[in-house]
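The values are calculated or read from the model by the stated rules, or taken from the named source; none is laboratory data. Computed from a predicted structure; not experimentally measured. All Cβ positions, even for glycine, are placed from backbone atoms using ideal geometry, and neighbour counts span all protein chains on display. Remember, those area values only see protein heavy atoms, side chains included, never the ligands or the DNA or RNA. Shrake-Rupley method; radii C 1.70, N 1.55, O 1.52, S 1.80 Å.
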Amino acid sequence: MRVLVTGGAGFIGANLCQHLLGQDWVDSIAVIDDLSTGFEANLAGLDVDFFEGSILDVDALGTAMLGADAIVHLAARPSVPRSISEPLLSHAANATGTLNVLDVARGLDDPLVIVASSSSVYGANPTLPKHEGLLAQPMSPYAVSKLAAEQYTLAWQHSYGMRTLPFRFFNVFGPLQAAGHAYAAVIPAFVDAALREVPLTVHGDGTQSRDFTYVGTVCETIGTAIRDQISHDAPVNLAFNTRTTLLAVIEELESLLGRRLLPEHVGSRVGDVPHSQADDSTVRALFPSVEPVDLASGLAATVEWMKTQTTSD
């Protein structure tokens, strides 16, 4: 089986490529990435066919997609704050880019297309845990673009008979996740600050909660979906019904590092939701063999990886 990973030089994409290369049912892997947020170094030592190009370039997509049996579409312009600063660019990458991927894939011989959406689509809806039948109430251009991406995915399934699977990711973290930039996700930002022994920037009071999902769990779930050719006619939460506050994450890091950390509270950010927690009944029904990695173990692996980056810098 040949698998194409869009955005494969990014954090999740590179971890997924590494995971898939360990599966005996995978014959080859292709990656397309414009390196706007990913790094070719993430793929160092991995036997993949790398195409540097954008999902907004239909010709480049067609070349990368040749012979693909499955496509995992991860390429995106991430970050809620970034989308608020540059909403048109987020729409182009996340909505139009997904449309391009789906329409080029339509010319293949019955591929499975897995598409990354986001828990941010739930937005202002206060219900917890978030189940897939809830009304989407996006609060940012990023969230809207991801909702468009998953709805295009389902529309292509219904209109053209394509086999698709839209996953809603919830705060994925782990090795390879970049920290040193303005739009860094919270866990790598916290770990980076802790290792540099500087204050940890906390937007708001830190009681906001998230359903953190270790990247290894995400990769195992996606790999199982490809191997077993699982599609679904509705979005699927890819998270496992946990809810951890940012203050609790800091406490866990303190336990791992054996010292106190200094949080520095700043103003809340526009577009950030206060709480997020997945109803995991659908993902567990579709993937009963997947056992999620717990937060403590995932944080420990992330800290160890980031220590190696600090040492090598």
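Quick check on the range 32-53: of everything there that is of a type in the set (D, E, K, R) and over 21 Å from Pro78 (Cα atoms), which residue is least open to solvent (accessible area, probe 1.4 Å)?
Asp49
How many residues, within the range 1-49, are within 24 Å of Asp110 (Cα to Cα), without any contact (Cβ under 8 Å) to a residue 40 or more places away in the chain and among the small types (Gly, Ala, Ser)?
2
Can you find, within the range 75-92, the residue that is least open to solvent (accessible area, probe 1.4 Å) among those that are touching a residue at least 40 places away in the same chain (Cβ under 8 Å) and farther than 18 Å from His181 by Cα?
Ala75
Here's the yes/no breakdown for (1) among the hydrophobic types (A, V, I, L, M, F, W, C); (2) touching a residue at least 24 places away in the same chain (Cβ under 8 Å); (3) more than 20 Å from Gly174 (Cβ to Cβ):
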{"residue": "Leu257", "(1), (2), (3)": "yes, yes, no"}
{"residue": "Arg260", "(1), (2), (3)": "no, no, yes"}
{"residue": "Asp272", "(1), (2), (3)": "no, yes, yes"}
{"residue": "Ala278", "(1), (2), (3)": "yes, yes, no"}
{"residue": "Arg284", "(1), (2), (3)": "no, yes, yes"}
{"residue": "Ser297", "(1), (2), (3)": "no, yes, no"}
{"residue": "Thr302", "(1), (2), (3)": "no, yes, no"}
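When you scan the range 263-292, how many residues do you find that are acidic (Asp, Glu) and open to solvent by less than 80 Å² (accessible area, probe 1.4 Å)?
Number satisfying all stated conditions: 3.
Does the range 127-150 include one or more residues that are among the charged types (D, E, K, R) and more than 14 Å from the chain's Cα centre (by Cα)?
yes
Residue by residue, here is whether (1) touching a helix residue (DSSP H, G or I) at 6+ places or on another chain (Cβ under 9 Å); (2) buried (at least 20 other Cβ atoms within 10 Å of the Cβ); (3) closer than 21 Å to Thr217 by Cβ; (4) not aromatic (Phe, Trp, Tyr) holds:
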position	(1), (2), (3), (4)
Leu108	yes, no, no, yes
Ser118	yes, yes, yes, yes
Asn125	no, no, no, yes
His131	yes, no, yes, yes
Leu147	yes, yes, no, yes
Glu150	yes, yes, yes, yes
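Taking the stated definitions as given, is Leu147 at pLDDT 95 or above, closer than 18 Å to Ser120 by Cα and not in a helix (DSSP H, G or I)?
Judged against the criteria, Leu147 is not a match.
Are there any pairs, at least 6 apart or on different chains, whose C-beta atoms fall under 7 Å, with the first in the range 221-241 and farther than 20 Å from Ile12 by Cβ and in contact (Cβ under 8 Å) with a residue 24 or more places away in the chain and the second in a loop (DSSP other than H, G, I, E, B) and open to solvent by 10 Å² or more (accessible area, probe 1.4 Å), and if so, which?
Ala234/Glu132; Asn241/Pro129; Asn241/Gln277; Asn241/Asp279; Asn241/Asp280
Are any residues in the range 96-106 open to solvent by 10 Å² or more (accessible area, probe 1.4 Å) and closer than 23 Å to Ile84 by Cβ, and if so, which ones?
Thr96, Leu99
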